[in-house]
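Heads up: the structure comes next, in structure tokens.
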Amino acid sequence: MTLALDGGTPVRRAGWPSWPPAATAEQRELLLEVLDSGAWGATSGTKVTEFAGAFAHSVGAQYGVVVVNGTVALFLALRALGVGTDDEVIVPAYTFVASATAVILAGARPVIADVTPDTLHLDPASAERLIGPRTKAIMPVHLAGAPADADKLGELARVHDLAIVEDAAQAHGAAFRGRPAGTLGDAACFSFQSSKAMTAGEGGLIVTDDLSLYQRLWSLHNVGRSLDGGWYEHPEVGWNLRMTEFQAAVLLPQLALLGGQLATRERAITFLERELKGFDGLALLPEPAGTTRNSRHLAMLRYDARAFGGRGKADFVAAMTAEGVPLDAGYRSLSREAALRPYGVQQVCPVAESAEESVVWIRQHLLMADEQALADIITAAEKVRQAFAS
Ligand SMILES: *Cc1c(COP(=O)(O)O)cnc(C)c1O
């Protein structure tokens, strides 16, 4: 069979479910309600505050502060915890660049630690080796929707008196040993950017159980005001980092949809796991130990070029995409990110660096597809392998 790349017929012509999914009647209604009310900002309306409380409640946390995006959420959490100039924060090498640039925004330095070979999550042993006198915090990333090892990292934080800021940008609804992502550290940060499991196009949120931390976060995101102070009273330096009421109107109804969407993606993973059993050269990365609930933001697969005639990952991604199955090549290791070099403390991270050659992603919106569509992923991979290997 001729590859679509070489002019053959693609395995799949039909598209994939779109993300975000079509708006619901409730979203339209709430959005129009905000529009007609004239209360478009969080300081005049009630929906942002309502969403902050409802989201925090949904993950079992006490308090929530809603901000413009996930990057800013991470920055504010670090800042509210007292991380500043010349401090160091340990960040895993295999994550979105914002995990590290948020540290830089706080004036501190991201120290890039390696990840574990099986799950690509922050490796507690690598993190421990990098703890020094300036280390103030660890940032576990709940990568691809699976929770990081909160027990091991929590223990490290206790022993060395460090804060834990969860990067939960990909982990809405995830849980570790029964405890929801959002309650596994001092503060946890979520994102509502377009690709995330809940979205308003952009948006972010910080949850915490600590009242004084909440008060600081609220102040920092609201121009340094205090909860019981006046409009022009600014006891500390803060910024306007508030979300609009329009975004909260779009987000509020999603809280009730998240569980069903997670279940759909879980079924997709079960199907792919079954179909890839015995598939030479392609396997899903294992779920991290202790995962009670995985929000399945991405499916990460290990690509073994040896089964594909020695052809590299980039060729595989291009061939699959031409077959109508748009895969993603994923992150580059932050240990190799030149832009971070002047700000961060970079180590050689062999595991994250080797993932650049061998890990491919199936994105969230593909995982919302039905079994017929998911079967096309396997068919296309088989076709590409036969063509590459021949
Ligand atoms: C999306 C994401 C962020 C940043 O969130 P934004 O809302 O895009 O600023 C941070 N960390 C991780 C792991 C992410 O996936």
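The values are calculated or read from the model by the stated rules, or taken from the named source; none is laboratory data. Just so it is clear, the structure is predicted and the values come from calculations on it, not from any experiment. All Cβ positions, glycine included, derive from the backbone under ideal geometry; neighbour counts span all protein chains shown. Side chains are part of the model used for accessible areas, which takes the heavy atoms of the whole protein and leaves out ligands, DNA and RNA. Shrake-Rupley method; radii C 1.70, N 1.55, O 1.52, S 1.80 Å.
Things worth noting here:
- Out of L252, L227, sole residue that is away from the ligand (no atom under 16 Å from the Cβ), open to solvent by 40 Å² or more (accessible area, probe 1.4 Å), touching a helix residue (DSSP H, G or I) at 6+ places or on another chain (Cβ under 9 Å) and closer than 30 Å to E33 by Cα: L227
One line per residue, one yes/no per condition, for (1) part of a loop (DSSP other than H, G, I, E, B); (2) free of Cβ contacts under 8 Å to residues at least 60 places away in the same chain; (3) open to solvent by 10 Å² or more (accessible area, probe 1.4 Å):
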site	(1), (2), (3)
Q170	yes, no, yes
G182	yes, no, no
S195	yes, no, yes
Y214	no, no, yes
L220	no, no, no
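- Counting only residues that are part of a loop (DSSP other than H, G, I, E, B) and either at negative phi or of a type in the set (A, V, I, L, M, F, W, C) (or both), the range 36-55 holds 7 of them.
- Residue in the range 223-239 that is assigned by TED's automatic domain parsing to the domain that holds G45 and in contact (Cβ under 8 Å) with a residue 24 or more places away in the chain present: no
- In the set (1) under 30 Å from Q364 (Cα atoms); (2) assigned to a helix (DSSP H, G or I); (3) open to solvent by 30 Å² or more (accessible area, probe 1.4 Å), the condition left unmet by G154 is number (3).
- Counting residues in the range 355-364 that are out of contact with any helix residue (DSSP H, G or I) (no Cβ under 6 Å at 6 or more places or on another chain) and closer than 25 Å to I104 by Cβ gives one or more.
- Looking across L284, L301, one residue alone is touching a helix residue (DSSP H, G or I) at 6+ places or on another chain (Cβ under 7 Å), of a type in the set (A, V, I, L, M, F, W, C) and outside the structural domain of H121 (by TED's automatic domain parsing). It is L284.
- Meets criteria (free of Cβ contacts under 8 Å to residues at least 60 places away in the same chain and either over 22 Å from Q247 (Cβ atoms) or within 15 Å of the ligand (Cβ to nearest atom) (or both)) for L122: yes
- Looking across the range 77-97 at every residue that is within 12 Å of the ligand (Cβ to nearest atom) and surrounded by 23 or more Cβ atoms within 10 Å (Cβ to Cβ), the one that is nearest to A352 (Cα to Cα) is identified as Y94.
- If you go through the range 237-277 and keep only what is outside any helix (DSSP H, G or I) and either at pLDDT below 95 or under 23 Å from T292 (Cα atoms) (or both), you end up with just K277.
- Residues of the range 109-119 that turn out to be open to solvent by less than 10 Å² (accessible area, probe 1.4 Å) and either within 16 Å of the ligand (Cβ to nearest atom) or of a type in the set (D, E) (or both), as a count: 4
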